Amino acid sequence: MRVRFWGTRGSIPVALTSADVRDKLVQALLHASGRTFNSYEEAHAYATAELDFSLTHTFGGHTPCVELETGSDSYFVCDMGSGARPFGQHVFAKQARRPSTVNVFMSHVHWDHIMGFPFFGPAYVPGHKIRIHGCHDVLEQAFRLQQSPPCFPVGFDQLGATIEFVKLEPDRTVEVDGLKVTPHLQLHSGDSFGFRFEHDGKSVIYSTDSEHKLENRAEAENFAEFFRNADVVIFDAMYALAEAISVKADWGHSSNIVGVELCQMARAKHLVLFHHEPANNDATLEGLLKEARRFEELTRGDHALKVSAAYDGLEIDL
Ligand SMILES: [Zn+2]
Ligand SMILES: [Zn+2]
C-alpha cells in the first residue's frame with residue numbers, strides 16, 4: 001500500500017507568505033556561507049542532507065485529504081479537504097480521459113474536511129463515479145449544503161459524475177473494492193470517526209479530529225486496540241501537550257505526545273503527526289516533531305516507534 005498526503009493542515013488552508021520564503025532563503029544562505037556549488041545537483045544534495053527540514057520544505061498547506069493506493073483500479077481517499085483539488089488533478093492525469101471510481105471515506109463533515117469537494121474535478125465529469133462513505137446521518141446534507149446558494153455558484157445536482165452516499169456502521173468491517181475498512185467512533189464535536197484500513201497484510205489508521213483523555217484508562221485501551229500493530233497511524237496532533245491538557249482541553253483535538261503514548265500502547269510501527277494547527281509555522285511544527293521523537297526515545301521499551309510529521313506531498317510505502 002502507498003499513502004499519499006494531499007492535505008495535512010487542520011481547520012483552514014495555510015499558504016507560505018513572501019516573508020516566510022525570504023526567511024527560509026536567508027537562513028539557507030547563512031548556513032551555506034563560504035560553500036561553493038558547481039551544479040544544481042550539488043546544491044540540491046547539500047540542501048537535502050544538511051539543512052533543517054523546515055528550511056527546505058513546508059508542512060501542510062491544504063486541509064485534510066489523504067489517498068491510499070492499493071494497486072486496484074479504484075481510488076481511495078480520506079476526507080475532501082482543500083487537498084481534494086490537487087488530488088482531482090492527479091486522478092485526471094492518471095486516468096488519461098478514462099472514467100474513474102473514487103471511494104471517499106469521511107471522518108466527519110466539519111468544513112475543513114468537505115471544502116475541497118466543490119473543486120474536485122472528477123465530480124464535474126459524466127462517467128466518473130464517486131462513492132462517499134461515512135457514519136454520519138448528515139453526510140449528504142453537508143455536501144449539498146455547501147454547494148447551495150448563496151455560498152457557491154454550482155449546485156450539487158449540477159455535478160456530472162454519478163455520486164452515491166454509503167452509510168457505514170461503527171466497528172463493522174466492510175470490504176470496498178478489495179480494501180477492508182473499519183470505522184471507529186471518536187470524541188469530537190458532532191462526532192468523528194477514525195478508519196482502520198487493511199490490505200495485503202498491512203494496516204493504516206486514519207484518526208483525525210479526535211480528542212483523547214488518557215487519564216481514562218478504558219478510553220486509552222479502546223484506542224490502543226483500534227490502533228493495534230498498525231503499520232501507519234495518521235494522528236490528530238494539532239496541539240502541543242501543554243495546550244491540549246490546559247487551555248485547549250475539550251476543543252476536540254489531541255497532541256504529539258498523546259500520539260506517541262497511544263501508538264506505544266498499541267505497538268504501532270509509524271506515527272504520522274497530522275491536522276497541523278494553522279497558527280504554527282514550519283519551525284514550530286518541526287519543533288513539535290522533534291519533541292515527539294525525543295519523548296519516544298525517552299519512554300521506549302522493547303518496541304521502537306518511528307515518528308514523522310505529515311506534509312503535502314509526503315508518500316509512505318508499506
Ligand atoms: Zn478538522
Ligand atoms: Zn472537526
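The values are calculated or read from the model by the stated rules, or taken from the named source; none is laboratory data. A quick note: this is a predicted structure, and the numbers were derived from the prediction, not measured. Because the Cβ atoms are built from the backbone with ideal geometry, glycine has one as well, and the counts that use them run over all protein chains shown. To get the accessible areas, we keep the full protein, side chains included, count just its heavy atoms, and leave off ligands, DNA and RNA. Shrake-Rupley method; radii C 1.70, N 1.55, O 1.52, S 1.80 Å.
When region 214-244 is filtered for residues that are part of a loop (DSSP other than H, G, I, E, B) and either at negative phi or small (Gly, Ala, Ser) (or both), the ones remaining, listed by number, are Leu214, Glu215, Asn216, Arg228, Ala230, Asp231, Ala237, Met238, Ala240. Restricting region 220-246 to residues that are in contact (Cβ under 8 Å) with a residue 24 or more places away in the chain and of a type in the set (Asp, Glu) leaves a set whose member that is nearest to ligand 1 (Cβ to nearest atom) is Asp236. Phe92 falls short on exactly one of the conditions (1) outside any loop (DSSP other than H, G, I, E, B); (2) open to solvent by 10 Å² or more (accessible area, probe 1.4 Å); (3) within 16 Å of ligand 2 (Cβ to nearest atom), and that condition is (3).
So that you can scan it fast, the table gives a plain yes or no per residue for (1) of a type outside the set (Ser, Thr, Tyr); (2) in contact (Cβ under 8 Å) with a residue 60 or more places away in the chain; (3) out of contact with any Phe, Trp or Tyr (no Cβ under 6 Å at 6 or more places or on another chain); (4) within 16 Å of ligand 2 (Cβ to nearest atom):
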position	(1), (2), (3), (4)
Gly83	yes, yes, no, yes
Val102	yes, no, no, no
Phe119	yes, no, yes, no
Arg144	yes, no, no, no
Pro150	yes, no, yes, no
Phe156	yes, no, yes, no
Thr173	no, no, yes, no
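Out of all the residues in region 194-206, is one or more within 14 Å of ligand 2 (Cβ to nearest atom) and either assigned to a strand (DSSP E or B) or within 18 Å of the chain's Cα centre (by Cα) (or both)? Yes, region 194-206 contains a residue that is within 14 Å of ligand 2 (Cβ to nearest atom) and either assigned to a strand (DSSP E or B) or within 18 Å of the chain's Cα centre (by Cα) (or both).
Are any residues in region 95-109 open to solvent by less than 10 Å² (accessible area, probe 1.4 Å) and within 12 Å of ligand 1 (Cβ to nearest atom), and if so, which ones? Scanning region 95-109 gives Met106, Ser107, His108.
Taking (1) open to solvent by less than 10 Å² (accessible area, probe 1.4 Å); (2) within 16 Å of ligand 2 (Cβ to nearest atom); (3) at pLDDT 95 or above in turn, Gly60 satisfies each apart from (3).
Exactly one residue among Asp209, Asp112, Asp157 is modelled with pLDDT of 95 or more, within 16 Å of ligand 1 (Cβ to nearest atom) and not in a loop (DSSP other than H, G, I, E, B), and that residue is Asp112. Quick one: is Gln147 within 26 Å of Gly10 (Cα to Cα), touching a helix residue (DSSP H, G or I) at 6+ places or on another chain (Cβ under 7 Å) and open to solvent by 80 Å² or more (accessible area, probe 1.4 Å)? No; evaluated as a whole, the condition is false for this residue. Checking each residue in region 268-281 for being at pLDDT 95 or above, away from ligand 1 (no atom under 16 Å from the Cβ) and outside any strand (DSSP E or B) picks out Ala268, Lys269. The set of residues from region 195-210 being open to solvent by less than 10 Å² (accessible area, probe 1.4 Å) and not small (Gly, Ala, Ser) comprises Phe195, Phe197, Val204, Ile205, Tyr206, Thr208, Asp209. With respect to the conditions (1) more than 16 Å from ligand 1 (Cβ to nearest atom); (2) part of a loop (DSSP other than H, G, I, E, B); (3) surrounded by 17 or more Cβ atoms within 10 Å (Cβ to Cβ), Ala249 falls short on a single one, namely (3). Here Cys135 fulfils each of the conditions (1) open to solvent by 20 Å² or more (accessible area, probe 1.4 Å); (2) farther than 16 Å from Pro64 by Cβ apart from (1).
Here Ala96 passes the criteria (1) farther than 20 Å from Val154 by Cβ; (2) touching a residue at least 12 places away in the same chain (Cβ under 8 Å) except the one numbered (2). Is there a residue being over 19 Å from Leu187 (Cβ atoms), within 16 Å of ligand 1 (Cβ to nearest atom), outside any loop (DSSP other than H, G, I, E, B) and at pLDDT 95 or above anywhere in region 293-303? Looking through region 293-303, none of the residues is over 19 Å from Leu187 (Cβ atoms), within 16 Å of ligand 1 (Cβ to nearest atom), outside any loop (DSSP other than H, G, I, E, B) and at pLDDT 95 or above.
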